[in-house]
1. Can you confirm whether region 36-49 contains a residue that is within 22 Å of GLU139 (Cβ to Cβ) and among the aliphatic types (A, V, I, L, M)?
2. Which condition breaks for GLU91 when tested against (1) over 14 Å from ALA130 (Cβ atoms); (2) modelled with pLDDT of 95 or more; (3) in contact with a Leu (Cβ under 8 Å, 6 or more places away or on another chain)?
3. Mind listing whichever residues of region 110-133 are free of Cβ contacts under 8 Å to residues at least 40 places away in the same chain and in a helix (DSSP H, G or I)?
4. Count, please, the residues in region 107-121 that happen to be touching a helix residue (DSSP H, G or I) at 6+ places or on another chain (Cβ under 6 Å) and either aromatic (Phe, Trp, Tyr) or buried (at least 19 other Cβ atoms within 10 Å of the Cβ) (or both).
5. At least 2 residues that are touching a strand residue (DSSP E or B) at 6+ places or on another chain (Cβ under 8 Å) and either free of Cβ contacts under 8 Å to residues at least 40 places away in the same chain or β-branched (Val, Ile, Thr) (or both) in each: list the helices (runs of 4 or more DSSP H) lying fully within region 15-104 that qualify.
6. Please specify each residue of region 72-87 satisfying the condition of being β-branched (Val, Ile, Thr), more than 18 Å from ALA130 (Cβ to Cβ) and surrounded by 18 or more Cβ atoms within 10 Å (Cβ to Cβ).
Amino acid sequence: MSLEELLRDRIIRKIKPDRKLALKSLEHAKRDIETAKILIDNERFDWALAVAYNAMLQAGRTLMFSRGFRPSSTEGHVAVVKFLQATLGKEVGEKAIIVMNGTRKKRHRVIYEEIDIVSESEAEQAVAWAEELVGRIEELI
């Protein structure tokens, strides 16, 4: 889906580029990575994955805000993933976006459906992916 299609379908909205808001989201992403590591140390692997995913989400929002976009109120998390696919597939890497989307789905299960479904290694991998995505987006802004 292209950026134009995302706008037309009201998945994202155009705003004035907002560097301050982008940097605040980046700060949240970095904080979430540190929180996820603490959760792993305390063997809270489900929550570590959820918080690592939130770091990825905040990183995506960072890029959106810096480029003058925001998710629509109805699409939320999916809008961020679709925005990254439309704008950064090659820059960030399609694999990173696929991983983020898979982590989004797993986080949904952790929050709303099941408990104790994330292993330590899975939580650690989620944190590593979050660190990679946050780092790449920080370089781009």
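The values are calculated or read from the model by the stated rules, or taken from the named source; none is laboratory data. Remember, predicted model here, so these are calculated numbers, not experimental data. Quick reminder, even Gly has a Cβ in these numbers, built from the backbone with ideal geometry, and neighbours come from all protein chains shown.
1. yes
2. (2)
3. TYR112, SER121, GLN125, ALA128, GLU132, listed by residue number.
4. Of the residues in region 107-121, 3 are touching a helix residue (DSSP H, G or I) at 6+ places or on another chain (Cβ under 6 Å) and either aromatic (Phe, Trp, Tyr) or buried (at least 19 other Cβ atoms within 10 Å of the Cβ) (or both).
5. So the answer is 76-92.
6. Selection gives THR87 alone.
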